[in-house]
Amino acid sequence: MKVSIKKISEITGYSPATISNALNNKRGVNKNTSAEIFKVAQELGYISENRITKIKFVIYRKNGLVIDDTPFFSLMLDGVERECRNLGYEMSVCNLDYRSDDYEEQLKWLLTDTSSAIILLGTELLDDDIAPYKTSKSHILCLDYSNSDMDFDCVLINNSDSAKMATEHLIDRGHREIGYLRGSFRIKPFRSRAVGYARALQLKDIPLNRQYTVTLSPKMEGAYSDMKEYLKKKPKLPTAFFADNDMIALGAVKALQESGYRIPEDISIIGFDDLPFSEISSPRLTTIRVNKQEIGELAVRRIHEIIKGVGKSKLKINVCTEFIERDSVCDCRQN
């Protein structure tokens, strides 16, 4: 016989309204009461993997430096929403801010909700932040984050190989002094891109000159301000830069142009992400295209497989990128 909320109410002594509020993680239910209700619901089989009909897209913010002020993640969210609709899941968006006073409470509610699966946008996650998520009673898939413990399925951009491809393009165009515009907040994707950049130089026996590494804010206006300050020192500059993302690249381009440098004649720049305004910048930005919507769709398809028990192995899915050549790279071989 199908277990009902009324049955749980009879066993626990709590009202059906309280049972419903607890199982749907609504505020106002004492945490001990909620824990008791969940325990009984699980023992009776009311909560099970087959009952999962909702997917929560959780946007984690450590400080908002990468997540905020970019259309990248809204485009990814479009893909998540579309695929949830295709597969019949109800989708909700949760903002989880590490800086909030009630962060721990929010996290607890999230991780004890066994009626929903979680796609965790972990772009700003650092390894020290991940431990609580390992206790989750919900299915979790990490998007744009993974660690060496392999605790979660994850969907990632192929950051290292993509950065290597971008740097090799500069080398193929005759550049030998190639710098790195380094995001100041060292998220996992940026670290992987740094590895790809360094690997490309190493394979061509080009020394990695730390003098050409410039640390800038990940936000466009911040990158612009930081680059302006850096240029006041009249540093020796390379002939080209690879940037951790388009926001950094475009901020640096603006600062360089205002300081009298021509892009790409004096300095070439390659970004990463292919944000919409990279096509209309001046010059148009050469960059790495990430299919944001497809990544979102892929994440939903994988969490759907996890919910249905398809395969027991944890998967790390690397999504390949596309190199987009525009106008911000000069061919030094012609000089």
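The values are calculated or read from the model by the stated rules, or taken from the named source; none is laboratory data. Since we're looking at a predicted model, the values are computed, not measured. Using ideal geometry, Cβ is built from the backbone for each residue, glycine included, and neighbour counts are taken over all protein chains shown.
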So, in the range 294-314, exactly how many residues are within 17 Å of the chain's Cα centre (by Cα) and either over 19 Å from residue 59 (Cα atoms) or surrounded by fewer than 17 Cβ atoms within 10 Å (Cβ to Cβ) (or both)? 1
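Taking residue 217, is it among the polar types (S, T, N, Q) and buried (at least 18 other Cβ atoms within 10 Å of the Cβ)? If you could, list the steps in order and put the result at the bottom.
On the way: among the polar types (S, T, N, Q): yes; buried (at least 18 other Cβ atoms within 10 Å of the Cβ): yes.
When the stated conditions are applied, residue 217 passes them.
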Only one of 151, 128 is surrounded by fewer than 19 Cβ atoms within 10 Å (Cβ to Cβ) and assigned to a loop (DSSP other than H, G, I, E, B); which? 151
Among what's in the range 98-125 and is in contact with a Ser or Thr (Cβ under 8 Å, 6 or more places away or on another chain) and part of a helix (DSSP H, G or I), pick the residue that is nearest to residue 148 (Cα to Cα). 111
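Would you say residue 186 is more than 25 Å from residue 332 (Cβ to Cβ) and in a helix (DSSP H, G or I)?
On the way: more than 25 Å from residue 332 (Cβ to Cβ): yes; in a helix (DSSP H, G or I): no.
It is false that residue 186 is more than 25 Å from residue 332 (Cβ to Cβ) and in a helix (DSSP H, G or I).
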Can you name the residue in the range 274-292 that is β-branched (Val, Ile, Thr) and buried (at least 22 other Cβ atoms within 10 Å of the Cβ) and is also farthest from residue 71 (Cα to Cα) among such residues? 286
Residues located in the range 189-207, provided they are assigned to a loop (DSSP other than H, G, I, E, B) and surrounded by 15 or more Cβ atoms within 10 Å (Cβ to Cβ): 206
Of the residues in the range 160-183 that are touching a Lys or Arg at 6+ places or on another chain (Cβ under 6 Å) and in contact (Cβ under 8 Å) with a residue 60 or more places away in the chain, the one that is nearest to residue 267 (Cα to Cα) is 174
So which of 171, 269 is at pLDDT 95 or above and assigned to a strand (DSSP E or B)? 269
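Within the bounds of the range 67-78, is there any residue that is surrounded by fewer than 15 Cβ atoms within 10 Å (Cβ to Cβ), free of Cβ contacts under 8 Å to residues at least 12 places away in the same chain, among the acidic types (Asp, Glu) and assigned to a helix (DSSP H, G or I)?
Residues of the range 67-78 surrounded by fewer than 15 Cβ atoms within 10 Å (Cβ to Cβ): 68-69, 71, 74, 78.
With the extra rule that they be free of Cβ contacts under 8 Å to residues at least 12 places away in the same chain, the set shrinks to 74.
Then keep just the ones that are among the acidic types (Asp, Glu); that gives none.
No, the conditions are met nowhere in the range 67-78.
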